[in-house]
1. Filter region 45-92 for residues that are in contact (Cβ under 8 Å) with a residue 24 or more places away in the chain, touching a His at 6+ places or on another chain (Cβ under 8 Å) and not basic (Lys, Arg) and give the result.
2. Among what's in region 2-44 and is on the phi > 0 side of the Ramachandran plot and in contact (Cβ under 8 Å) with a residue 40 or more places away in the chain, pick the residue that is surrounded by the most Cβ atoms within 10 Å (Cβ to Cβ).
3. Report, by residue number, each residue of region 90-106 that is under 11 Å from the mean Cα position of the chain (by Cα) and within 16 Å of Asn27 (Cα to Cα).
4. Hey, can you tell me all the residues within region 1-40 that are closer than 13 Å to Gln81 by Cα and of a type in the set (Ser, Thr, Tyr)?
5. Of the residues Val63, Val78, Val12, which single one is modelled with pLDDT of 95 or more and in contact with a Lys or Arg (Cβ under 7 Å, 6 or more places away or on another chain)?
6. Would you please list the contacts, defined by Cβ atoms under 9 Å and residues six or more apart or on different chains, that run from a residue in region 96-116 that is closer than 21 Å to Gln1 by Cα and in a strand (DSSP E or B) to a residue that is among the β-branched types (Val, Ile, Thr) and open to solvent by less than 20 Å² (accessible area, probe 1.4 Å)?
7. Which residues, counting only those in region 60-85, are of a type in the set (D, E, K, R) and surrounded by 15 or more Cβ atoms within 10 Å (Cβ to Cβ)?
8. Applying the selection to region 19-46, what residues are in contact with a helix residue (DSSP H, G or I) (Cβ under 9 Å, 6 or more places away or on another chain) and closer than 14 Å to Ala91 by Cα?
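The values are calculated or read from the model by the stated rules, or taken from the named source; none is laboratory data. Only a predicted model underlies this, so the values are computations on that prediction, with no experimental measurement involved. Positions of Cβ are backbone-derived with ideal geometry, glycine not excepted, and every protein chain shown enters the neighbour counts. What goes into the accessible areas is simple: the full protein's heavy atoms, side chains included, and nothing from ligands, DNA or RNA. Shrake-Rupley method; radii C 1.70, N 1.55, O 1.52, S 1.80 Å.
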Amino acid sequence: QVQLVESGGGLVQAGGSLRLSCQTSRNSFITNSMSWHRQAPGKQRELVASITTGDSTNYANSVKGRFTISRDSAKNTVYLQMTGLKPDDTAVYYCAARRNFYSSYAWGQGTQVTVSS
């Protein structure tokens with residue numbers, strides 16, 4: 001069973017930055033693609049960014065150029081560096097892992113990001 005532990009959310013002013021972290025086990029880290037998703041109140045959960053075990057990345061259009069997803073193999077941790085934050089980025093952010101496109105996601109507990117205007 002994949003376990004994901006997130007940290008790094010908080011309150012920030014518009015234009016500010018935050019870094020989210022998602023730590024998992026070594027085996028999960030090397031066998032799963034990892035991603036960050038978010039869910040704002042009253043909205044569906046959406047994919048923000050993903051990274052494969054080969055370090056290929058993908059981003060939602062709304063965050064391209066502002067967010068960066070990365071992996072640290074020494075720490076079995078995936079990061080989401082968020083810059084130029086906007087009030088529309090306010091949401092609960094979830095780390096997720098899955099072995100391949102046909103697998104189900106394993107989810108972290110979520111971390112709140114609030115951007116004030």
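1. Passing the criteria: only Val48.
2. Gly8
3. Ala96, Ala97, listed by residue number.
4. Ser7, Ser17, Ser21, Ser35
5. After applying the criteria, what remains is Val78.
6. So the pair list comes out as Ala97/Thr24; Ala97/Val78; Ala106/Thr24.
7. Arg66, Arg71
8. Arg38, Ala40
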